[in-house]
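The values are calculated or read from the model by the stated rules, or taken from the named source; none is laboratory data. Quantities reported herein were computed from a predicted structural model and do not represent experimental measurements. Here the Cβ positions follow ideal geometry from the backbone for every residue, glycine too, while neighbour counts run over all protein chains shown.
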Amino acid sequence: MAQEAPDPPRGARISIVSHKVTFYETDAMGVVHHSNYLRFFEEARTRWLEDHDQPYSEYIAQDLHFAVTEAKASYHRSATFADLLEITVWMEWVRGASLRMAYRIERDGELIVSGYTEHASINSKGRLRRIPKPRRDHLTRATPQ
């Protein structure tokens, strides 16, 4: 099992998403398949953008996408069918054309999974694109100092 994950740092703007595990998200052993946690990360990340910046659809309208360049998930406990999970997400940093989000997934206060995703800002042709300065400045204000 992985080490205990840190809580969001002081000053981090967080979003919390509740997710009830469905049957199809479990594997033959009756536990949530490990790949689904990345989907849960994504669900929380898009909520965070909506809560603290702008809906992801507005990024798409500006021909700006956040491609995953790295993902890490540390599995601390198993979740099973019908568990109610609480996914906490916050932005760790933002740079010219990249950003990093961190996550904690808990069930009744018990840590299930922790991790992060890093993203490159690209256009619809897959070319690296800087995050526009007003957006980047806004995102920077949402990161812990």
Exercise. Here is a list of conditions, (1) in contact (Cβ under 8 Å) with a residue 24 or more places away in the chain; (2) acidic (Asp, Glu); (3) closer than 18 Å to Lys20 by Cα, and Asp51 meets all of them except one; can you say which number that is?
Worked result: (3)
Problem set entry | Search result, residues across the range 89-131 that are in contact with a Ser or Thr (Cβ under 9 Å, 6 or more places away or on another chain), in contact (Cβ under 8 Å) with a residue 60 or more places away in the chain and more than 30 Å from Ser78 (Cα to Cα) | Arg129, Ile131
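Restricting to the range 89-109, count the residues that are closer than 18 Å to Ala120 by Cβ and in a strand (DSSP E or B). It would help to see each step written out before you state the result.
Looking only at the range 89-109, we keep the residues that are closer than 18 Å to Ala120 by Cβ, and these are 91-102.
Within this subset, residues satisfying the condition of being in a strand (DSSP E or B) are 91-94, 98-102.
The total comes to 9.
Does the range 76-88 contain any residue that is closer than 21 Å to Thr143 by Cβ, touching a residue at least 40 places away in the same chain (Cβ under 8 Å) and outside any strand (DSSP E or B)?
Within the range 76-88, the subset closer than 21 Å to Thr143 by Cβ is 87-88.
So of that shortlist, the ones also touching a residue at least 40 places away in the same chain (Cβ under 8 Å) come out as 87-88.
Next cut, outside any strand (DSSP E or B) only: none.
The answer is no; no qualifying residue exists.
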Seminar exercise, completed: Conditions (1) over 20 Å from Thr143 (Cβ atoms); (2) modelled with pLDDT under 95; (3) of a type outside the set (Asp, Glu) -> Pro9 fails only (1)
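If you scan the range 92-106, which residues turn out to be more than 17 Å from Arg39 (Cα to Cα) and either of a type outside the set (Gly, Ala, Ser) or surrounded by 22 or more Cβ atoms within 10 Å (Cβ to Cβ) (or both)?
Start the filter on the range 92-106 by keeping residues that are more than 17 Å from Arg39 (Cα to Cα), which leaves 92-99.
Within the range 92-106, Glu92, Trp93, Val94, Arg95, Leu99 qualify.
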Exercise. Quick one: would you say Arg10 is exposed (fewer than 12 other Cβ atoms within 10 Å of the Cβ) and either of a type in the set (D, E, K, R) or in contact (Cβ under 8 Å) with a residue 24 or more places away in the chain (or both)?
Worked result: yes
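Tell me which residues, restricted to the range 13-29, are within 20 Å of the chain's Cα centre (by Cα) and exposed (fewer than 12 other Cβ atoms within 10 Å of the Cβ). Steps first, answer last, please.
Going residue by residue through the range 13-29, those that are within 20 Å of the chain's Cα centre (by Cα) are 13-22, 25.
Within the range 13-29, Ser18, Lys20, Thr22 meet the criteria.
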For this session: Could you check how many residues of the range 40-65 are over 13 Å from Val89 (Cα atoms) and of a type outside the set (Phe, Trp, Tyr)?
Result: 11
Seminar exercise, completed: Only unsatisfied item for Thr88, checking (1) within 14 Å of Arg13 (Cα to Cα); (2) modelled with pLDDT of 95 or more; (3) out of contact with any Lys or Arg (no Cβ under 6 Å at 6 or more places or on another chain), is (3)
